[in-house]
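The values are calculated or read from the model by the stated rules, or taken from the named source; none is laboratory data. Remember, it's a predicted structure, so these values are computed and weren't measured experimentally. With ideal geometry, Cβ positions are generated from the backbone for all residues, glycine too; neighbour counts draw on all protein chains shown.
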Amino acid sequence: MVKQLRRYERPLIKDGTHRYMGPSIYKGVLTDKVFKTMCDMVTQSQESVKDMLCHTTTENNRLEFQEKPEHYEALEEIFAHISNFTQAHNPIDHRDVDELDLDNVWMNVQHENQTIGQHTHEESDYAFVIYVKNTLLDPSAGHVYEDRSVNDPQDGMIEWRYGETHFLSPNRMLHFPVEGEIVIFPGWLEHMVHPFKGKNHERISIAGNINSSR
């Protein structure tokens, strides 16, 4: 008997907080002004932290929020997204902006065949990623999915993993990043970024850690 393959569409991350597997993941969009500020911080960054990260990326620099009005505004907006993420979990016991502290933040520049391997931010309560630049085309566009397979398109995508693979129990979520987006998730959630093909393509992200003061 020939098994008939089931066709499906890749689940897409929606705006706001949603649970696609065990833990929840949040996606939002930065305002144009704050997005420009974050892009400027990437351009001006100089202190390398590449030796502290287990990635095959081109460049990894520390970012510093300085005592500038635009930096205060950017950090406040990031904290607001984090607060929204916590409110979706528990409207009563959520974290307000003034209960959040920035631990560290850095940028990642990724080119062809480079990857950000599986890792966690386990020393932080919340992890966030901001997408500054992505010249790739979504590899899943026009792809016909037949059963859930390791051969699904994943070039340049971030992947979160949680738990074991079982029937009717997905254990991973893939997302193709769009410039200006911010994604937030628990610091302990394992994730990675897949490599991609194309010598002229570039993918730049900002990653950071946030802790709760209570």
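Checking Val42, Val49, Val29, Val34 one by one, the residue that is among the aliphatic types (A, V, I, L, M), in contact with a Gly (Cβ under 7 Å, 6 or more places away or on another chain) and at pLDDT 90 or above is Val29 and no other. Cβ separations smaller than 8 Å between residues 6+ apart or across chains give the following pairs from segment 16-31 residues that are within 17 Å of Ile130 (Cβ to Cβ) and of a type in the set (Lys, Arg) to residues that are at pLDDT below 90 and not in a loop (DSSP other than H, G, I, E, B): Lys27/Gly16.
Tell me, please, whether a residue that is over 27 Å from Lys33 (Cα atoms), in a loop (DSSP other than H, G, I, E, B) and either hydroxyl-bearing (Ser, Thr, Tyr) or without any contact (Cβ under 8 Å) to a residue 12 or more places away in the chain (or both) can be found in segment 195-207. Looking for residues that are over 27 Å from Lys33 (Cα atoms), in a loop (DSSP other than H, G, I, E, B) and either hydroxyl-bearing (Ser, Thr, Tyr) or without any contact (Cβ under 8 Å) to a residue 12 or more places away in the chain (or both), one finds none in segment 195-207, hence no. Of the set (1) modelled with pLDDT under 90; (2) surrounded by 19 or more Cβ atoms within 10 Å (Cβ to Cβ), all apply to Phe185 but (1). The set of residues in segment 156-179 being surrounded by fewer than 19 Cβ atoms within 10 Å (Cβ to Cβ), within 13 Å of the chain's Cα centre (by Cα) and assigned to a loop (DSSP other than H, G, I, E, B) consists of Val178, Glu179. Listed by first and then second residue, the pairs linking a residue in segment 85-114 that is within 20 Å of Asp40 (Cβ to Cβ) to a residue that is of a type in the set (A, V, I, L, M, F, W, C) and modelled with pLDDT under 95, with Cβ atoms under 6 Å apart and 6 or more places separating them unless they lie on different chains, are Trp106/Val49.
Looking only at segment 184-214, how many residues end up being polar (S, T, N, Q), closer than 18 Å to Glu123 by Cα and within 12 Å of the chain's Cα centre (by Cα)? Quick ask: steps written out before the conclusion?
Here is the first cut: in segment 184-214, the ones polar (S, T, N, Q) are 200, 205, 209, 211-213.
Next cut, closer than 18 Å to Glu123 by Cα only: 209, 211-213.
If we keep only those that are within 12 Å of the chain's Cα centre (by Cα) too, we end up with 209.
Of the residues in segment 184-214, 1 are polar (S, T, N, Q), closer than 18 Å to Glu123 by Cα and within 12 Å of the chain's Cα centre (by Cα).
In segment 23-62, what count of residues is obtained for those that are part of a loop (DSSP other than H, G, I, E, B) and surrounded by 14 or more Cβ atoms within 10 Å (Cβ to Cβ)? First the steps, then the outcome.
From segment 23-62, those part of a loop (DSSP other than H, G, I, E, B) are 23, 30-31, 45-47, 49, 53-54, 56-58; that's our starting set.
With the extra rule that they be surrounded by 14 or more Cβ atoms within 10 Å (Cβ to Cβ), the set shrinks to 23, 30, 45, 49, 53, 57-58.
Number of matching residues: 7.
Taking the listed residues Glu73, Glu77, the one that is within 19 Å of the chain's Cα centre (by Cα), assigned to a helix (DSSP H, G or I) and over 17 Å from Pro186 (Cβ atoms) is Glu77, with no other qualifying.
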